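Engineer: Before I ask anything, let me first share the structure, which is written out below as structure tokens.
What follows draws every value from the coordinates through simple rules; no lab data is involved. What you see is a predicted model, and the numbers here were worked out from it, not measured in a lab. Neighbour counts are summed over all protein chains in view; Cβ atoms, including those assigned to glycine, are modelled from backbone coordinates with ideal geometry.
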Amino acid sequence: MKKFTAILVCKVLRFIGKALKRGTSLPGKIALKIDPNILKKIEMPRRILIVTGSNGKTSTVEMIAHILEKNSKKFAFNKGGSNQIQGVTTFILDDCNLFGRAKSDIFLFEADEHFAKRMLNFFKPTHLLITNLYRDQQVRNGNPEWVYKGIEQSVNNTDITMVLNANDPLVSCFGFNKENTVWFGFDNMIGTTREITSVYNDGKFCPKCKNFLEYEYYHYNHIGKFCCENCGFKTAKTQYTGNYTEEEKEGFLINNEYKIKISFENISIGFYYNLLAAFAGSNLLGIKAEDICKSLESFVSKIFRVVKFDLDKYNGVLLISKHENSVSYDQSIRVIVEYNEPCTAVIIVDNISRKYSTNNISWFYDIDFEMFKSEKVKKIILSGFYCNDLAVCLSLTEIPIEKISVFEKIPDCIKYLRDNTEGKIFVITCFSDKDKFLEEVAVCDVNEIDS
Ligand SMILES: [Zn+2]
């Protein structure tokens, strides 16, 4: 009876909430008050995939949803990322009939890596896909190891199929010597190096036994092919293997058979991983490999991350990056350096977080600004409230000081760009700071993707 009441109340409140354009958390919150175990009593779909990780989860879920839709699957996903348990409860009960049976055949969830453990305590998915675990939002998340521990306790001794990035050592710990694990990763990748190139090395020590971890190669940061000689922990054999080579530059191959075409420009390496993860995820949800490739050809992201703009006679690209996440910044800088033609780089940090108040700038020192030494990068302009902190950080690099200009006010930065730009303009900033820049320029093309 409690189950029936909880579902009914949730549905009624959701109906009213939709009419009033209110958020999704209240109906779920009340339903959980009526019956705290409601989610355990629901007849869930046969397949439930949760995607979590530091970077790329929104893009990956968006791609999988696109693939499922193109292949006429009856599915539901938490669009817009309502991933706190109250919102997820609303979402699940809304999809159920009054007897508690899900109407959809598949549930697809994006879960914030910090809250994933809570979600997993309320119900278990059939598949849990983890994209990566990086230093990210330290004020909120602490260290990646803390995030790892939280998720690990929730998945231990369950029959969840883990879908893991084999090139990420910490993520690989979830599946080391365990059954029920599916691995994805890249063998070849353009730009792979023998030595690590980033400022810090989170792959220096084996996460299992703390001995040194040896790398055969690095795709970026500490993502690559690794092995610990002490305990045998190593990059697992992948079931979904990407190969991105110079010969196949307009796309990449999965398992040397399925070609994923890339029609976007200025995308980061992380995006290739998102595509591979989406391929693995949707294949495990029952979509044929050939159909996935076909569906991805028509994929256009709703959560645009690369924005093209004009500033007088100059063309520019805005690369949305995650603040408090040095890997995201490193990848954007790499896009600029790999452009390999004269250009002007702008970095805007005005508000560090839109979720909470923080002045933590320690993550600046984790970013590989040294890449800007490239002679092709003619000017570097720092702007926003934290421009001087960025300037101190860049002063510790070997970048010639005359390349760097600092303007706290974004309109002043744009005024300078009008008269002093060389080549194409690349602007690195976060999602919430982007509008402060875009309202001053002519946006000509909003297309695609995530970093
Ligand atoms: Zn080890």
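Engineer: Apply the a/c threshold of 1.5 to the C-alpha gyration tensor of the range 375-429 and tell me whether it is rounded, prolate or oblate.
Structural biologist: Cα axes put the range 375-429 in the oblate bin.
Engineer: Between the range 312-355 and the range 10-43, what's the alpha-carbon centroid distance in Å?
Structural biologist: Centre-to-centre (Cα) distance: 40 Å.
Engineer: What list do you get for THR60, THR181, THR158 if you sort them by fewest beta carbons within 10 Å?
Structural biologist: With the sparsest Cβ surroundings first, the list reads THR158, THR181, THR60.
Engineer: Against the longest alpha carbon principal axis of the chain, how many degrees, from 0 to 90 and to the nearest 10, is the axis of helix 2-19 turned?
Structural biologist: It works out to around 40 degrees.
Engineer: Nearest 5 percent is fine: what portion of the DSSP beta bridges confined to the range 2-297 is antiparallel?
Structural biologist: 40 percent
Engineer: What is the chain's relative contact order, in percent, from Cα pairs under 8 angstrom and six or more apart in sequence?
Structural biologist: Values: 913 pairs, mean separation 64.0, N = 451.
Result for the chain is 14 percent.
Engineer: Would you work out the relative contact order for the range 263-364, in percent, from Cα pairs under 8 angstrom that are 6 or more residues apart?
Structural biologist: 24 percent
Engineer: Pull up the cross-link candidates among the aspartates and glutamates for LYS225, meaning alpha carbon to alpha carbon under 12 Å and not fewer than 8 places away within one chain.
Structural biologist: ASP168, ASP187, GLU195, GLU214, GLU216
Engineer: Separate question: Past 25 Å, Cα to Cα: identify those pairs from LYS204/LYS261; LYS204/LYS355; LYS249/LYS376; LYS237/LYS259; LYS378/LYS409; LYS57/LYS288, in the order given. Working shown, then result.
Structural biologist: On the way: LYS204/LYS261 34 Å; LYS204/LYS355 31 Å; LYS249/LYS376 22 Å; LYS237/LYS259 20 Å; LYS378/LYS409 21 Å; LYS57/LYS288 22 Å.
Over 25 Å apart, Cα to Cα: LYS204/LYS261; LYS204/LYS355.
Engineer: Could I ask something else about it? Between GLU297 and GLU43, what is the spin-label point distance in nm, taking each point 7 Å from the Cα along the Cα→C-beta axis?
Structural biologist: Distance between the two pseudo-spin positions: 4.0 nm.
Engineer: Return the subset of LYS11/LYS41; LYS11/LYS70; LYS2/LYS73 for which the Cα-Cα distance in this structure is over 24 Å, preserving the input order.
Structural biologist: LYS11/LYS70; LYS2/LYS73
Engineer: With +1 on each Lys and Arg Cβ and -1 on each Asp and Glu Cβ, and nothing else charged, work out how big the dipole of the chain is about its Cα centre, in Debye to the nearest 20.
Structural biologist: So the magnitude is around 2480 debye.
Engineer: Just to be sure I understand the curve: with the Debye formula and one point per C-alpha of the range 269-340, what is log10 I(q)/I(0) at q = 0.26 Å⁻¹?
Structural biologist: -1.19
Engineer: Go through the range 296-301 residue by residue and turn each phi into a ³J(HN,Hα) via Karplus (6.51, -1.76, 1.60, θ = phi - 60°); whole Hz please, and just put x for glycine and proline.
Structural biologist: 5, 4, 9, 7, 10, 6
Engineer: Per the Kirkwood treatment, what hydrodynamic radius in Å, one decimal, follows for the range 1-44 from the mean inverse distance over all distinct Cα pairs? Don't skip to the answer; put the middle values down first.
Structural biologist: Values: mean 1/r = 0.0951 Å⁻¹.
Across the range 1-44, the inverse of the average 1/r is 10.5 Å.
Engineer: If you take the charge dipole of the chain about its Cα centre, with +1 on Lys and Arg Cβ and -1 on Asp and Glu Cβ, which of CYS393, ILE196, GLN138 is farthest toward its positive end?
Structural biologist: The residue sitting farthest along the positive end of the dipole is GLN138.
Engineer: Throw me the Rg/Rh for the range 306-447, computed over C-alpha atoms with Kirkwood Rh, two decimals.
Structural biologist: We get a ratio of 0.92 for the range 306-447.
Engineer: Quick one: angle between helix 144-155 and the longest Cα principal axis of the chain, in degrees between 0 and 90, rounded to 10, please.
Structural biologist: Taking the Cα atoms of the chain, the angle to 144-155 is about 20 degrees.
Engineer: What number comes out for the charge environment of GLU439, summing +1 per Lys or Arg and -1 per Asp or Glu over other residues with Cβ under 15 Å away?
Structural biologist: -2
Engineer: While we're here: Within the set of other residues whose C-beta is less than 15 Å from the C-beta of TYR148, count the net charge using Lys and Arg as +1 and Asp and Glu as -1.
Structural biologist: So the surrounding residues net to -1.
Engineer: At q = 0.09, 0.11, 0.13 Å⁻¹, what is the log10 ratio I(q)/I(0) for the chain, with the Debye formula run over Cα points and no solvent?
Structural biologist: Normalising to I(0) and taking log10 leaves -0.61, -0.91, -1.23.
Engineer: Apply the Karplus parameterisation 6.51 cos²θ - 1.76 cosθ + 1.60, with θ equal to phi minus 60°, to every residue of the range 386-397 and state each ³J(HN,Hα) to the nearest whole Hz, in sequence, with x for glycine and proline.
Structural biologist: 3J(HN,Hα) across the range 386-397, in whole Hz: 9, 4, 6, 5, 5, 5, 4, 4, 5, 5, 8, 9.
Engineer: Taking Cα centroids, how far is the range 383-409 from the range 255-298 in Å?
Structural biologist: The two parts, judged by their Cα centres, are 38 Å apart.
Engineer: If each residue's Cβ is checked for other Cβ atoms within 10 Å, how do GLU398, GLU214, GLU324 rank with the fewest at the top?
Structural biologist: GLU398, GLU214, GLU324
Engineer: What does the highest-first list of 188-197, 428-437, 146-155 look like by mean Cβ count within 10 Å? Each step should come with its number before you reach the end.
Structural biologist: Details: 188-197: 14.8, 428-437: 19.3, 146-155: 17.4.
Highest-to-lowest ranking by the protection proxy: 428-437, 146-155, 188-197.
Engineer: If we count every other residue with Cβ under 10 angstrom of GLN138's Cβ, Lys/Arg +1 and Asp/Glu -1, where does the sum land? Intermediate values should be presented prior to the final figure.
Structural biologist: On the way: positive: ARG135, ARG140; negative: ASP136, GLU324, ASP366.
It works out to a net charge of -1.
Engineer: How much length is gained if the chain between SER72 and ARG101 is pulled fully straight, taking 0.36 nm per residue apart and subtracting their Cα-Cα distance, in nm to one decimal?
Structural biologist: So the extension gain works out to 8.4 nm.
Engineer: Additional query: Report, in deg cm²/dmol and to the nearest 500, the calculated mean residue ellipticity at 222 nm for the chain, where each DSSP H run with n ≥ 4 adds -39500 (n - 2.57) and the sum is divided by the residue count.
Structural biologist: Working: 14 runs with 144 residues, N = 451.
Result for the chain: -9500 deg cm²/dmol, rounded to the nearest 500.
Engineer: Taking the Cα centre of each part, how many Å lie between the range 53-74 and the range 197-230?
Structural biologist: 30 Å
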